[in-house]
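Just so you know, all these numbers are worked out from the coordinates, no wet-lab data involved. These numbers were taken from a predicted model, which means no experiment stands behind them. Ideal geometry is used to build each Cβ from the backbone, glycine not excepted, and the neighbour counts take in all protein chains shown.
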Amino acid sequence: MSGISLAGVKKRYPGGVLAVKGVDIDIESGEFVTLVGPSGCGKTTTLRTIAGFETPTDGSVHIDGNEVTDAPPYERDTGMVFQDFALFPHMTIHENIAYGMEADGDYTTEEIDARVAEMLELVELPGVGDRTPDQLSGGQQQRIALARALAPRPKALLLDEPLASLDKQLREQMQVELRRIQQEIGITTVFVTHNQEEALTMSDRLAVMNDGQFEQVGPPEEVYNDPDSRFVADFLGTANIFDGTVSAVKNGYAMVDCDDVSVQAAVQNGVSTGDNTSVVIRPERFRFDDGAASNAGVASADGGTNTGATTVFEGEITFKRHLGSSVEFHLETDSGRKIVVVRRSGMDKRGPGDRVAVSVAADDCRLVEA
Ligand code: ATP
């Protein structure tokens, strides 16, 4: 198996759109990397540049150590799966899966038949070889598209929103299935999605794209817990973001004065007194402080109180909803700030109209550039 490297890749389309503005990444052999970002940020263009359907305006592409920047798709040894499956409708499933190997011309009929059977086993659809695509469900067609891409033993698998047209339940099943298959054969995979949940749950690493650039590249936990920018914090999952100014930095913690509250946050990168910054707090980082309303520390402005290394917010629950294994609360603090809090499901009797206090530890507050 083999890695993929992009160095300084830019792509300007005829007509002037600079869709990719210089991206760098080294994808290791066997790694599953997801390009995730909002519509139009350049994900598909980046993937098509790896596949060879687009030639970069600048920069280089290497696959398995060989430069392929200007090579046509068929010389790159990659398998691609598209959102719309793109199976050949008039061919049988067997013929669809055999297509790439037939085109290569290097295989005997026996080798092709054996490989098609192996691929059908891999995607857990043995025995459908004689059917045509219209005799399969959407999810089954997507598995066949995957089998077709993998049959010629490509060096890398490139997936462009392959699950986007499946309904939610099937999509979740296929996420697991796709990951299982990818791990079973250990193939280097680049996956494009605009679905942040999919990116977080499937990948070894994700590259969060914004406006033609990688904003952050890293493992899901890192990108989620330690966003480098406000954009990343906001794009991946829910984030409470408070803008403020650093009023003091001491012992690795910064005091950030927001309009209505001072928040203490752990300092990861250099910040100095007077800097404008944003505090990012994930909803599941808050705790309900039962009884804290009466024994909180020194009150700041109104609505927030600072007690050593935690910040307390008092207010009222305005909304509650169950998310399956957790419960989401919306709070309005006494100063009118809206906060989203998520707690593990349990016998939580709190509900709209209840007065509550929530606190967050300084180590659970992240600072990003304002
Ligand atoms: P989506 O999630 O909507 O598919 P994306 O992140 O994959 O978006 P791209 O399809 O790579 O984004 O498009 C990036 C930018 O390049 C967009 O502004 C798009 O309009 C533009 N673009 C894409 N393909 C072409 C093309 N063939 N010619 C000109 N501009 C293009």
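Taking a temperature of 20 °C and a viscosity of 1.002 mPa s, what whole-number D in µm²/s does Stokes-Einstein yield for the range 103-175 with Rh from Kirkwood over alpha carbon pairs?
On the way: Rh = 13.4 Å.
After rounding, the answer is 160 µm²/s.
Can you sort Arg179, Arg282, Arg355 by how many other beta carbons sit within 10 Å, fewest first?
Details: Arg179 17, Arg282 22, Arg355 12.
Least to most surrounded, the residues fall as Arg355, Arg179, Arg282.
Leaving out same-chain residues fewer than 8 places away, which lysines sit with a Cα under 27 Å from that of Lys21?
Cross-link targets: Lys10, Lys11, Lys43, Lys155.
So for the range 1-127, considering every pair of alpha-carbon atoms, how many percent are separated by more than 22 Å?
Working: 3823 of 8001 pairs.
Counting pairs separated by more than 22 Å, the tail of P(r) holds 48 percent.
Over the range 238-369, how many percent of alpha carbon pairs lie in each 5 Å bin up to the one with the longest distance?
Going out from 0 Å in 5 Å bins, the range 238-369 shows 2, 11, 22, 24, 19, 12, 6, 3, 0 percent.
Rounded if a/c is under 1.5, else prolate if a/b beats b/c, else oblate: with a ≥ b ≥ c from the C-alpha gyration tensor eigenvalues square-rooted, which is the range 320-365? Show your work: numbers first, answer last.
Numbers: a/c = 1.97, a/b = 1.22, b/c = 1.62.
Here the range 320-365 falls in the oblate category.
Of Thr188, Gly351, Leu158, which is farthest towards the positive pole of the chain's charge dipole, taken about the Cα centre with +1 and -1 on the beta-carbons of Lys, Arg and Asp, Glu respectively?
Ranked along the dipole, the leading option is Gly351.
Considering all projection directions equally, how large on average is the shadow of the alpha-carbon convex hull of the chain, in square nanometres?
Working: hull surface 89.1 nm².
For the Cα atoms of the chain, the hull's average projected area reads 22.3 nm².
With only Lys, Arg, Asp and Glu charged, each at its Cβ (+1 for the first two, -1 for the last two), find how big the charge dipole of the chain is about the Cα centre; round to the nearest 20 debye. Walk me through the intermediate numbers first.
On the way: 33 positive and 59 negative charges, 176 e Å.
The calculated dipole for the chain is roughly 840 debye.
How many angstrom lie between the C-alpha centres of the range 212-259 and the range 133-164?
So the separation of the two Cα centres works out to 37 Å.
Hey, could you pull the Cα Rg and Dmax for the range 23-65, both in Å?
When restricted to the Cα atoms of the range 23-65, Rg and Dmax are 11.0, 31 Å.
From the residues Gly30, Gly270, Met119, which one has its Cα farthest along the dipole of the chain in the positive direction, the dipole being from +1 and -1 charges on Cβ of Lys/Arg and Asp/Glu about the Cα centre?
Gly270
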